[in-house]
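Trainee: Shown below is the structure under consideration.
Where a number appears in this text, it was derived from the coordinates with a stated rule and is not lab data. Small disclaimer: the values here were computed from a predicted structure and weren't measured. Here the Cβ positions follow ideal geometry from the backbone for every residue, glycine too, while neighbour counts run over all protein chains shown.
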Amino acid sequence: MKSPKPRPTEGRENRRCSPSTEPGQLQMWIRRAAESGHAESQHTLAVLLVLGRHVPKNEQEGALWMKRAAAQGLPAAQFDLGRVYEEGLGVPKDQKEAIAWHRKAAAQGYASALNQLGTFYASGLGVPRDDAQAASFYRRAADLGSPEGQFNLGYRFETGKGVRQDYAKAVHWYRVAAEQGHAKALYSLGVHYEQGTGVPQDIEKALELFKKSGKRGFAEAFRAIANNYESGRLVAKDSSLAAEWYRRAAMLGDANGQARLGTLYLFGQGVPQDDNQAVYWLRKAAEQGDAQGQLNLGMAYSKGRGVSKDPSVALMWFRRAADQGTAEAQLNLGNAYLRGEGVRQDFQEARRWFALSAQQGNAGAQWNLALMYHRGIGGVKDEDTALQWASRAAAQGHENARRFVTMFSGKRPVPPENASAP
């Protein structure tokens, strides 16, 4: 599991000024100590300059002071200098140089550097990808108490990457990281309690861990609670509680949570039906690339719900969702080409999009494709293929397709008069 990229913050840059010390005076004393060769002061000054805290931001000067502190063997500075080279903060990006400085810090037992080296090997960034090496570095970081290393090691045991898969060990390391407040570890531990893998299933415990994770900013945890209440899979189904937890995820910027909340407003499930609120949340999700948000925002534009009706804008959002493989969006895009709504009528394009959706099992698309093959619209006429697609749609309960199959099997090739695209 790739760990997030922290900015250089390992020094004392977060130390607060005393009431009698102004930031300018503090910076002056730190600079004097740095100029006298004090490694920790050099590192602190470097971080302040790179981040622009209490002093004007100057990444180039910050990088110079970071190099001086690192050259004196300060492991925190060596680690941060590695990040400086990795991100190109005041120096050209140089992954080889970044790895070299991380190795120096790791050689001194600096946990964050060990964890970062694990991430390099896990992703193959600047080094050959090697899951066993990644797991080894994560284990060393975990043993030194790094919550990120503990979480990453837990993930290795969960997935069996670089180690033999072992849910009990995954749970152990997630628990150790969770006890330090690691948000993703809390969530992952909750998933194991939810599924009963590595621990006895305990839904109440899972929900408790999800709540703790979400409160630490991990939106997916709030969404997991909402999913349970919406589906009623492991708890009593409750649309209003689902909406409440989706809202919490949405407020944290979670695109899928925003899409689900918008959809609930669109259909009035768990919340009062409100097209304006639906469009507000669906747009936020869609602009983040969420396929469900794009699909349902397209539906809002196609029907004029919460926005002015605009087939061309609807088509744009349908296309974005369809390009992500969303079967219903592919069906809607096919219908737009079939009817010439928001786009020039094009039977071949309609047939192509129906085929893509039908292959994913969408009954409406299977029925439309059957009709196009039966009538030779947008391509060759093929009665056998028409029957195959109609049969697939009929098996899913599509009534027109069922009647078509009955008639066709009885050697009555003409479909019912009301058989048309949905």
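Trainee: Quick check on the range 172-206: of everything there that is of a type in the set (V, I, T) and assigned to a helix (DSSP H, G or I), which residue is surrounded by the fewest Cβ atoms within 10 Å (Cβ to Cβ)? Steps first, please.
Mentor: At the first step, the residues of the range 172-206 found to be of a type in the set (V, I, T) are 176, 191, 197, 199, 203.
Then keep just the ones that are assigned to a helix (DSSP H, G or I); that gives 176, 191, 203.
On the way: V176: 20, V191: 18, I203: 15.
Restricting to residues being of a type in the set (V, I, T) and assigned to a helix (DSSP H, G or I), the top hit is I203.
Trainee: In the range 28-43, how many residues are crowded, with 21+ Cβ neighbours inside 10 Å and either over 13 Å from Q72 (Cβ atoms) or among the charged types (D, E, K, R) (or both)?
Mentor: Number of matching residues: 1.
Trainee: Condition check: under 30 Å from A135 (Cα atoms) and basic (K, R). Does R216 satisfy that?
Mentor: Numbers: under 30 Å from A135 (Cα atoms): yes; basic (K, R): yes.
Judged against the criteria, R216 is a match.
Trainee: May I pose another question? Out of L209, L234, L241, I need the residue that is of a type outside the set (V, I, T), touching a residue at least 24 places away in the same chain (Cβ under 8 Å), surrounded by fewer than 19 Cβ atoms within 10 Å (Cβ to Cβ) and in contact with a Phe, Trp or Tyr (Cβ under 7 Å, 6 or more places away or on another chain). Which one? First the steps, then the outcome.
Mentor: On the way: L209 fails: surrounded by fewer than 19 Cβ atoms within 10 Å (Cβ to Cβ); L234 fails: in contact with a Phe, Trp or Tyr (Cβ under 7 Å, 6 or more places away or on another chain).
None of the others qualify; the one that does is L241.
Trainee: Give the range 63-80 a look and list any residue that's in contact with a helix residue (DSSP H, G or I) (Cβ under 7 Å, 6 or more places away or on another chain) and free of Cβ contacts under 8 Å to residues at least 40 places away in the same chain, or say none.
Mentor: Start the filter on the range 63-80 by keeping residues that are in contact with a helix residue (DSSP H, G or I) (Cβ under 7 Å, 6 or more places away or on another chain), which leaves 63, 65-70, 72, 74-80.
A63, W65, K67, R68, A69, A70, Q72, L74, P75, Q78 - these are the residues of the range 63-80 that are in contact with a helix residue (DSSP H, G or I) (Cβ under 7 Å, 6 or more places away or on another chain) and free of Cβ contacts under 8 Å to residues at least 40 places away in the same chain.
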